[in-house]
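The values are calculated or read from the model by the stated rules, or taken from the named source; none is laboratory data. Because the structure is a prediction, the values reported are computed rather than measured. The area values use the complete protein model at the heavy-atom level, side chains included, leaving out ligands, DNA and RNA. Shrake-Rupley method; radii C 1.70, N 1.55, O 1.52, S 1.80 Å.
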Amino acid sequence: MARWWRALPSAARRFPWPTNVLLYGALFSAGDALQQRLSGGPADWRQTRCVATVAVTFHANFNYGWQRLLERALPGRTPRAVLAKVLCDQAVAAPVAVTAFYTGMSILQGKDDIFLDLKQKFWNTYKSGLMYWPFVQLTNFSLVPIQWRTAYTGLYGFLWATFLCYSQQSGDGTLTSVFTFLHQKKASEFEKPPEK
């Protein structure tokens, strides 16, 4: 384990694209596994494979290219450049990523109407993301070296994927639905009689 951890910076410098894409994909997929664990049901590895497929084939690759495009178009870490990157990220990349997630998952799950989840949950999910991602990207664009930005986004994507997977399966794209679910889960655990 320690040897792998020490090799990571070298891998990111030598092979930035695959290193970032694989880290992002693994973290995003782990978010789905966490969501399933919190839901209390059995592990659904088909669901996790679908999430991993969307994460690796689209999200991670899109994020990798997008981070580099933003850096070329708006170079530097000045407050003006960082704020411009955050605005562009939320106005362009966020809607694309939300659309790709809901549509990609619907395709992989074989749903009849691949746009139904998107139509029902897009705006709520996008607005929820506006309460989370600008703060993540503010630190990303101002502090994180370009070769680590996709992996850094994947780290925070772990929590976001937990939210997205819940929203896709049983939520409505709002943070309120997640907090209500967690509150009800905690209350039901509290009310259970102790096991003998």
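Tell me, what HN-Hα J-couplings in whole Hz come from the Karplus equation 6.51 cos²θ - 1.76 cosθ + 1.60 at θ = phi - 60° for each residue of the range 84-100, using x for Gly and Pro? For the range 84-100, the Karplus curve yields 5, 5, 4, 4, 4, 4, 6, 7, 10, 6, 4, x, 5, 5, 5, 4, 4 Hz.
For the chain, the solvent-accessible area with a 1.4 angstrom probe is 57 square angstrom per residue. For the chain, with all protein chains in place and a probe radius of 1.4 Å, 68% of the accessible heavy-atom surface sits on carbon or sulfur. Converting phi to 3J(HN,Hα) with the Karplus coefficients 6.51, -1.76 and 1.60 and the offset θ = phi - 60°, the range 125-131 yields 5, 4, 5, 5, x, 5, 8 Hz in sequence order, with x at every glycine or proline.
Each residue of the range 57-64 is assigned a 3J(HN,Hα), and the resulting list reads 6, 10, 3, 5, 5, 4, 4, 4 Hz, derived from the Karplus form 6.51 cos²θ - 1.76 cosθ + 1.60 (θ = phi - 60°), x at Gly and Pro.
Taking all Cα-Cα distances within the chain, those exceeding 23 Å account for 47%. Helical runs assigned H by DSSP (4 residues or longer) give the chain a calculated mean residue ellipticity at 222 nm of -25000 deg cm²/dmol, each run adding -39500 (n - 2.57) before division by the residue total.
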